[in-house]
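Encoded as structure tokens, the structure appears first; notes follow it.
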Amino acid sequence: MNTIQLLGLVAGSCTTAAFIPQVVKTWKSRSAKDLSLGMFSIFCTGVLLWLAYGLLIMDIPVIIANMVTLVLASFLLVLKLRWKH
């Protein structure tokens, strides 16, 4: 692993980990009323496209970061749709 890949993995870890507090808060409160449905829908689409890009260029940091981010953001999107009130 070279320095550039390590930088990518650290950057991806930071931006991905940023979703964890929101997932925990939403799960504990059982409320997603303050989450924007439009923002998370567009964001999940963008992350899915980044994942496809990473797979096409075979870039491990891009693939890993976007796979995990897609899971976390999609989970929030599902909670938003499930807990509308």
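For the structure I just gave you, tell me whether Gln22 is touching a Leu at 6+ places or on another chain (Cβ under 9 Å) and in a helix (DSSP H, G or I).
Numbers: touching a Leu at 6+ places or on another chain (Cβ under 9 Å): yes; in a helix (DSSP H, G or I): yes.
Judged against the criteria, Gln22 is a match.
Count, please, the residues in region 1-24 that happen to be more than 19 Å from Cys44 (Cα to Cα) and not polar (S, T, N, Q). Talk me through it step by step, then tell me what you get.
Residues of region 1-24 that are more than 19 Å from Cys44 (Cα to Cα), as a first pass: 1-10.
So of that shortlist, the ones also not polar (S, T, N, Q) come out as 1, 4, 6-10.
The qualifying residues number 7.
Which is of a type outside the set (Asp, Glu) and part of a loop (DSSP other than H, G, I, E, B), of Lys84, Lys28? Spell out the reasoning first.
Numbers: Lys28 fails: part of a loop (DSSP other than H, G, I, E, B).
From the options Lys84, Lys28, the qualifying one is Lys84.
Would you be able to tell me the number of residues in region 20-38 that are over 9 Å from Ala73 (Cα atoms), among the hydrophobic types (A, V, I, L, M, F, W, C) and within 12 Å of the chain's Cα centre (by Cα)?
Here is the first cut: in region 20-38, the ones over 9 Å from Ala73 (Cα atoms) are 20-22, 24-38.
Those still in the list that are among the hydrophobic types (A, V, I, L, M, F, W, C) too: 20, 24, 27, 32, 35, 37.
Now narrow it down to the ones that are within 12 Å of the chain's Cα centre (by Cα): 20.
Looking only at that region, the number is 1.
Restricting to region 2-20, name every residue that is surrounded by 14 or more Cβ atoms within 10 Å (Cβ to Cβ) and either touching a strand residue (DSSP E or B) at 6+ places or on another chain (Cβ under 7 Å) or of a type in the set (Val, Ile, Thr) (or both).
Quick first cut of region 2-20, residues surrounded by 14 or more Cβ atoms within 10 Å (Cβ to Cβ) only: 8-9, 12-13, 16, 19.
Correct list: Thr16 only.
Laboratory data are not the source of any read-out in this text; all were calculated from the coordinates shown. Everything quoted here is computed from the prediction, not taken from an experiment. Backbone-built Cβ (ideal geometry, glycine too); neighbour counts: all protein chains shown.
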